[in-house]
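Structure record follows, encoded as structure tokens.
We did not get these values from a lab; they are worked out from the coordinates using the rules stated. Quick caveat: nothing in here was measured; it's all calculated off a predicted structure. Reconstructed Cβ throughout: ideal geometry from the backbone, glycine too, with neighbour counts over all protein chains shown.
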Amino acid sequence: MPKFVIERQYLVPMYQHIVVEAETLEEACKKGISDDISWDSQEMDCDGARKTTLTFAKVVAEGYEANQTHSLIIASRDPKGLPLDMLGLATFLYEDDVKTGPLLEIPAQFTEDE
């Protein structure tokens, strides 16, 4: 049976109440979204979390083993039983499509937050 490496997201909003000094609301808004204000006092809004969505997927090709415990994809082993190549799951998804295969198109019902 095929195996797939899938990236899923569970987005939890972070919020912060800040005071911004500015001449106009537009200027205050620009300051409010700038990187000049630290996020040290942010709060996590678990009640406002979005549902789990899927962002990327690839099939684990023949000759590779998926090791969920260690977050690795292991390419075929040598005669001594040692792995010849190991890739982290993120590397498997994001890099070297020639070696690991193309990303798959995820059906819209699994990518939308509505």
key: Positive-end residue, region 7-78 charge dipole about Cα centroid, Cβ charges, pick of V59, C46, P13   = V59
query = What is the Cα coordinate range of the chain on the first, second and third principal axes, sorted by size from largest, in whole angstrom?
reply = 71, 31, 26
remark   = In a Gaussian network model of the chain with springs linking alpha carbons closer than 10 Å, the residue among E65, E21, E95 that fluctuates most is E21
query = For the chain, what relative contact order do you get, as a whole percent, if you take Cα pairs closer than 8 Å and at least 6 residues apart?
reply = 29 percent
query = Most fluctuating residue of V19, V59, V98 in a GNM of the chain with Cα springs under 10 Å: which is it?
reply = V19
task = As a check on your grasp of the helix formula, calculate [θ] at 222 nm for the chain: sum -39500 (n - 2.57) over DSSP H runs of n ≥ 4, divide by the residue count, round to the nearest 500.
result = -4000 deg cm²/dmol
ask   = Using unit Cβ charges (K, R positive; D, E negative) and no other charged atoms, how large, in debye to the nearest 20, is the dipole of region 15-114 about its Cα centre?
value = 720 debye
